[in-house]
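The values are calculated or read from the model by the stated rules, or taken from the named source; none is laboratory data. Bear in mind that the values here come from a model prediction, so they are computed numbers and not experimental data. All Cβ positions, even for glycine, are placed from backbone atoms using ideal geometry, and neighbour counts span all protein chains on display.
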Amino acid sequence: MTVNRHHEREPSAASTAETLVTVSGLKKHYADDGFFGGSPVKAVDGVDLTIRRGETLGLVGESGCGKTTLGRTLVGLETPTAGTVRYDGRAIDELSGEPREQWRWNTQMVFQDPESSLNARLTVGDVVAEPLEVRDWKTERERRERVFDLLDTVGLQREHFYRYPHQFSGGQQQRIAIARALAPEPDFLVLDEPVSALDASVQAKVLNLLADLQAEFGLTYVFIAHDLGVVRHLCDRVAVMYLGAIMERGPTDELFDAPANPYTKALVSAIPEPDPTASRDRITLRNSPPSPRDPPSGCPFSTRCPMKIRPAEYDHLDEAAWHAIDILAEVVRERGQVDPSLRDRIRSLVGRSPRFESIDEFAADLLDDVSLPEDARSHVSQAVQLATDGREEAALSRLSTQFGGVCDDEYPESHTVTDGHCHSRCHRHRPEYADPPDLTRE
Amino acid sequence: MTCGSSDRPVLSVEGLSTAYFTDKETVHAISDVDLSVRRGETLGIVGESGSGKSVTARSLTGMVKSPGRILDGQIKYRHPETVTALAERYPDRVGPPSEHAESDAFVFDGPTDRYVDLAAAPEAALRSVRGDDIAMVFQDPLASLNPVYTVGNQIEELLTIHRGLGDSAATERAVDLLDAVGIPDPARRLGEYPHQFSGGMQQRALIAMALACDPEVLVCDEPTTALDVTIQAQILELLDDLQAERDLALLFITHDMGVIAEIADRVSVMYAGEVVEHAPVEALFAEAAHPYSRGLLASIPSQNPDAQHLPTIEGDVPTPTSEPTRCRFAPRCPEAFDACRDVHPRHVDVGDDQTASCLLYPDEQRRERAVRTHSEPTSEDHQ
């Protein structure tokens, strides 16, 4: 237990550590093949990442950000649309024959829900022995011995060999799943939310087990989670994902103590802290993440970003005004996507108003109590007029040409931040925009 | 604040026990649970899966279904208007609070205390309390909404039934409700189906439905567990605002200690169907008294970001298949001693407004003396 303590890390030593997995330009799009197939879901959209031997890399983000898809691509469960994954310097899609088998042995995955990832009809012994059987590993007798050893390693008893998964609690089931993943003696494990289905006290035990296993076998982990507390405890480095892109990555402590990216800041500040006396400078984000089918054109985070860069000519608008304009754009976009129902069409045919108020009433309500300067107000009302006439596209483009900034237009570069430890994708890191407003609202 | 009952909790649960009777065994899901919540206050109920948090919430409004049954205990609801209304509707079931056990009364109207005992109330009375007085928000928002009706339909239906509003009045009120929970463009949203809402929006819509009848008590059963952390922050903020606006008594059930720290004023910690500790939230996090509360707090990763190993509690949560006759936590307790296996602990004061049911307390007494405090019969014991 002396090797490889995951919290005694030195940046210099870590940066020279050997790279195990390199991900470059990785994209995974899911397209509807049917006749009506729309634009593809861009689950992972251009990810570059390196994973060093012996470290734990945390992959965090909200649901739908693509972290699970990325994890599945790393172990070959998904075929990337573009980009490559290199394991030990070799691109995995070019591997074949014996090297491919070898890679498969070395790379294993543990899934989120142990109940559904264990075959209910097999005994625990069979579940754990299955990866060995598939590869015809040694004799039946030796396999059995190996399974007993594995059960012991993950803290289960020998007599559990003959029981079925449903006879175990969630924490024990996850131990079985870990034992199965360890069966081929892998070097690299992708752990997809392995503890999020577990209760706090059980969670702690599984986390301890994972740390022990890593120390014992020198494993490399990719740890996918949405619980940032768990990630902070276990991981050496963290990559924060949003809408298929990595927004910020760096060593855990630096990233959590001084997040540079606005999204990381918001995410970290949203974790409820188990300390009732702590003062809260929370950044509450608006809305939900946009659909990965139709991501924003510029920065992925631009629709929710509290630090969004506004065009210089509207410098004098206050936060409430921007907020109102953003909501208006959002509502126009949504209305543009919804076809009026048959019922609404009939209602309008027979001269009755549609069930919902028209957009100009909504806009009037919205803009009533915000102070908009004359020039801005005239552009907004023109846009509202266009939307009222049913030309949502035109209204949106008017709003975006007038009020859009660099965040709406350009995909942000990755910048080196936090004294060179972290990398963050944000236009705010460019010298001309480095002057963020205060994020925390009371 | 009307009547003389303003200083009393709007809802107090005393000695509540609910059990599920199956062919195989009887599961005593909750035993002898005491809780209370005042107006404008948030009571957090925290515990692991199987600790009885949700059964407690369901018992409050008579939502325990067969094979489950409330065995014992009182659920005192003290909203003066409701007491008056139910006393008028059920004149032959009104009694003075002193006659609790003997009569079939469930409305108790005394000079010092007026309340309705929801545990004894008939289904028809409960139905008028449910939603109107005590509303619930559940964990999985999509499962709580009917997928084949529009969100507007579901809110309006509720307003029509509970409030007797007409079509257009109901629509108007539904728009206001969605607006109040921060859903933009509410008028159009009413015409949409639940699947067209994001998870956070669905939960907002459910909160809007819960608030539709201006309840006094809002019971939230893990309302943010299925949501992402940034959405969770939005919902917690919303609940906080709504509570301040409406002086709601909030019962917040969760397993997440971080959320508890954020939202609760007082906390009840549950283990295997029993409340093991009641404490103000600051006291719980500063100095939890019960060994289980301490173990639970210690095992949170963010409490020990730099620890190599998280402290853990040995063993698993047992399923309570018999009535408690000893400390249910004793087999896992690092501080257990012999008496823990024989004596069932009672709640004793361990601090300001803080009680724990553990034989270690009262800790200023010698151990034998302290154990005797728990084993001696008291006047409160029936039979």
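Pairs, please: C-beta under 7 Å, at least 6 apart or cross-chain, first residue more than 9 Å from chain A (Cβ to nearest Cβ) and in the range B:223-245, second of a type in the set (Asp, Glu)?
Matching pairs, first to second residue: B:Ala226/B:Asp140.
Quick one: count up the residues across the range B:238-258 that are touching a Pro at 6+ places or on another chain (Cβ under 9 Å) and more than 23 Å from B:Ser59 (Cα to Cα).
Within the range B:238-258, residues that are touching a Pro at 6+ places or on another chain (Cβ under 9 Å) and more than 23 Å from B:Ser59 (Cα to Cα) number 3.
Quick check, is B:Gly68 at pLDDT 90 or above, over 25 Å from B:Asp247 (Cβ atoms) and surrounded by fewer than 17 Cβ atoms within 10 Å (Cβ to Cβ)?
Taking the combined requirement at face value, the residue does not satisfy it.
Being out of contact with any Ser or Thr (no Cβ under 9 Å at 6 or more places or on another chain), outside any strand (DSSP E or B) and within 22 Å of A:Val85 (Cβ to Cβ) is the filter here; which residues of the range A:101-116 pass it?
Scanning the range A:101-116 gives A:Glu101, A:Gln102, A:Trp103, A:Arg104, A:Trp105, A:Asn106.
Considering only the range B:48-67, state which residues are outside any loop (DSSP other than H, G, I, E, B), within 14 Å of chain A (Cβ to nearest Cβ) and of a type outside the set (Lys, Arg).
B:Ser54
Determine whether the range B:239-249 contains at least one residue that is part of a loop (DSSP other than H, G, I, E, B) and over 22 Å from B:Ser51 (Cα atoms).
yes
Can you tell me which of A:Val268, A:Val240, A:Val206, A:Val231 is free of Cβ contacts under 8 Å to residues at least 60 places away in the same chain, within 21 Å of A:His423 (Cα to Cα) and within 13 Å of chain B (Cβ to nearest Cβ)?
Matching residue, one of A:Val268, A:Val240, A:Val206, A:Val231: A:Val268.
With within 30 Å of A:Thr264 (Cβ to Cβ) and either in contact with a His (Cβ under 6 Å, 6 or more places away or on another chain) or not in a loop (DSSP other than H, G, I, E, B) (or both) as the only criterion, which of A:Gly54, A:Gly76, A:Gly71, A:Gly64 stands out?
Selected residue: A:Gly71, the only one of A:Gly54, A:Gly76, A:Gly71, A:Gly64 that is within 30 Å of A:Thr264 (Cβ to Cβ) and either in contact with a His (Cβ under 6 Å, 6 or more places away or on another chain) or not in a loop (DSSP other than H, G, I, E, B) (or both).
Restricting to the range A:178-200, what's the tally of residues that are part of a loop (DSSP other than H, G, I, E, B), in contact (Cβ under 8 Å) with a residue 40 or more places away in the chain and over 12 Å from A:Thr107 (Cβ atoms)?
5
I need every pair where a residue in the range A:94-105 that is assigned by TED's automatic domain parsing to the domain that holds A:Pro184 has its Cβ under 7 Å from the Cβ of a residue that is modelled with pLDDT of 90 or more and part of a helix (DSSP H, G or I), sequence separation at least 6 or different chains.
Note: pairs meeting the criteria are A:Leu95/A:Trp103; A:Trp103/A:Ile92.
Kindly indicate whether B:Pro280 is in contact (Cβ under 8 Å) with a residue 24 or more places away in the chain and either over 29 Å from A:Ile283 (Cβ atoms) or not aromatic (Phe, Trp, Tyr) (or both).
yes
For the range A:96-115, check the following and say yes or no: at least one residue is more than 22 Å from A:Phe223 (Cβ to Cβ), acidic (Asp, Glu) and away from every other protein chain (no Cβ under 14 Å).
yes
Just checking, how many residues over the range A:120-171 are closer than 22 Å to A:Asn106 by Cα and of a type outside the set (A, V, I, L, M)?
Within the range A:120-171, residues that are closer than 22 Å to A:Asn106 by Cα and of a type outside the set (A, V, I, L, M) number 20.
Restrict the check to the range B:195-209 and report whether at least one residue is at pLDDT 90 or above, of a type in the set (S, T, N, Q) and surrounded by fewer than 22 Cβ atoms within 10 Å (Cβ to Cβ).
no
Would you call B:Thr355 at pLDDT below 90 and among the β-branched types (Val, Ile, Thr)?
Judged against the criteria, B:Thr355 is not a match.
Could you tell me whether A:Thr68 is crowded, with 19+ Cβ neighbours inside 10 Å, touching a residue at least 60 places away in the same chain (Cβ under 8 Å) and either in contact with a Lys or Arg (Cβ under 8 Å, 6 or more places away or on another chain) or within 18 Å of A:Tyr221 (Cα to Cα) (or both)?
Yes.
Can you confirm whether B:Leu178 is crowded, with 19+ Cβ neighbours inside 10 Å, within 14 Å of chain A (Cβ to nearest Cβ) and touching a helix residue (DSSP H, G or I) at 6+ places or on another chain (Cβ under 6 Å)?
For B:Leu178, the condition - crowded, with 19+ Cβ neighbours inside 10 Å, within 14 Å of chain A (Cβ to nearest Cβ) and touching a helix residue (DSSP H, G or I) at 6+ places or on another chain (Cβ under 6 Å) - is met.
Does A:Arg121 satisfy the condition of being touching a Ser or Thr at 6+ places or on another chain (Cβ under 7 Å) and more than 14 Å from every other protein chain (Cβ to nearest Cβ)?
Spelling it out, it is not the case that A:Arg121 is touching a Ser or Thr at 6+ places or on another chain (Cβ under 7 Å) and more than 14 Å from every other protein chain (Cβ to nearest Cβ).
Can you tell me which residues in the range A:416-430 are within 21 Å of the chain's Cα centre (by Cα), modelled with pLDDT of 85 or more and either at positive phi or not in a strand (DSSP E or B) (or both)?
If the condition is that a residue be within 21 Å of the chain's Cα centre (by Cα), modelled with pLDDT of 85 or more and either at positive phi or not in a strand (DSSP E or B) (or both), then A:Cys426, A:His427 are the ones that fit.
So for the range A:315-327 (the condition being at the interface with chain B (Cβ under 8 Å from one of its Cβ atoms) and either in a helix (DSSP H, G or I) or more than 30 Å from B:Glu282 (Cβ to Cβ) (or both)), does at least one residue qualify?
Yes.
Suppose we filter the range A:255-265 for residues that are small (Gly, Ala, Ser) and without any contact (Cβ under 8 Å) to a residue 60 or more places away in the chain; how many remain?
Count: 0.
Determine which member of the set A:Ala31, A:Ala91, A:Ala82 is modelled with pLDDT under 90, loosely packed, with under 14 Cβ neighbours inside 10 Å and among the small types (Gly, Ala, Ser).
A:Ala31
How many residues are without any contact (Cβ under 8 Å) to a residue 24 or more places away in the chain, part of a helix (DSSP H, G or I) and polar (S, T, N, Q) when one looks only at the range A:142-161?
So the answer is 0.
Would you pick out the residues in the range A:124-146 that are under 16 Å from A:Ala179 (Cβ atoms), under 34 Å from the mean Cα position of the chain (by Cα) and not small (Gly, Ala, Ser)?
Within the range A:124-146, A:Val124, A:Asp126, A:Val127, A:Val128, A:Glu130, A:Pro131, A:Leu132, A:Val134 meet the criteria.
Could you please let me know if A:Ala266 is outside any loop (DSSP other than H, G, I, E, B) and outside the structural domain of A:Arg52 (by TED's automatic domain parsing)?
No.
Assess whether A:Asp187 counts as being surrounded by fewer than 22 Cβ atoms within 10 Å (Cβ to Cβ), in contact with a strand residue (DSSP E or B) (Cβ under 8 Å, 6 or more places away or on another chain), within 22 Å of A:Leu59 (Cβ to Cβ) and of a type in the set (D, E, K, R).
Here the answer is yes, as A:Asp187 does meet what is asked.
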